[in-house]
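Input: a single structure, listed below in structure tokens.
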Amino acid sequence: GFFRVGLGGKLDKASGFPADPGSATAMRFHLDYIFHRLDAVLTNYYGNTITDIASDSWEYDNRPYWTPGIFDEFQRVNGYDLRKAMHVWLGYGPDLEQIREDLARAENSLVCTNSFDLITRYANQRGLQHRPQARGRGLHRDLFDAFACSDIPEAEQEVFPAEAVWVAHVRSEEHTSELQS
């Protein structure tokens with residue numbers, strides 16, 4: 001069969017395709033589009049009447065995730081070139097599991113930086129807090145990293161351990177010191 005790589009398919013809660021959470025350019029474009037309309041009528045309410053924004057979880061159809069920055073981020077995070085390991089998307093090779101783990105680490109890094117962290121900073125500039133549902137299907141993300149890059153960690157119906165918020169705060173301090181160095 002033909003092997004397709006894409007952003008992960010259509011959303012299950014809306015029509016159309018999602019903004020690419022691994023691309024800062026795509027996420028900024030999406031946020032600018034939404035807030036251009038909101039800012040015009042709601043700016044005076046930010047931070048007092050309207051205190052936070054929520055972002056819903058992503059539900060992808062488990063196709064391999066792709067974003068233009070994946071090669072550079074994979075190299076940065078893992079120290080080797082993903083182009084030499086493209087067989088992972090075809091599902092074969094003796095090092096398949098290790099490369100999939102490395103790919104998940106690169107995806108998580110991109111999504112944390114270019115989505116959770118970017119949306120949080122964007123909201124904070126308007127006096128708002130970001131309340132994301134970090135859980136979802138089909139796209140790698142470390143929930144603690146996602147919570148650390150957000151203002152108000154939110155869970156859906158799943159039950160998370162009470163330590164989640166504590167660990168998110170510890171990770172947030174680590175994340176902040178990494179950004180400053």
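Computed from the coordinates by the stated procedures, all read-outs in this text should not be read as laboratory data. Just so it is clear, the model here is predicted, and its values are computed rather than measured. All Cβ positions, glycine included, derive from the backbone under ideal geometry; neighbour counts span all protein chains shown.
Using 0.36 nm per residue of separation minus the Cα-Cα distance, give me the extension gain between T49 and E97 in nm, one decimal.
Values: separation 48, 0.36 × 48 = 17.28 nm, distance 4.85 nm.
Between T49 and E97, full extension yields an extra 12.4 nm.
Full-extension gain between L31 and R126, please, as 0.36 nm times their residue separation minus the C-alpha to C-alpha distance. Before the final figure, lay out each step's value.
Values: separation 95, 0.36 × 95 = 34.20 nm, distance 1.21 nm.
Contour length minus Cα-Cα distance gives 33.0 nm.
Considering the dipole of segment 44-133 built from charges on the beta carbon (Lys and Arg +1, Asp and Glu -1) around the Cα centre, which of G69, I119, N44 is farthest to its positive end?
The one lying farthest along the dipole's positive direction is N44.
With a 10 Å radius around each residue's Cβ, average the other Cβ atoms per peptide and rank 123-130, 91-98, highest first.
Values: 123-130: 16.8, 91-98: 10.8.
Highest to lowest by the protection proxy: 123-130, 91-98.
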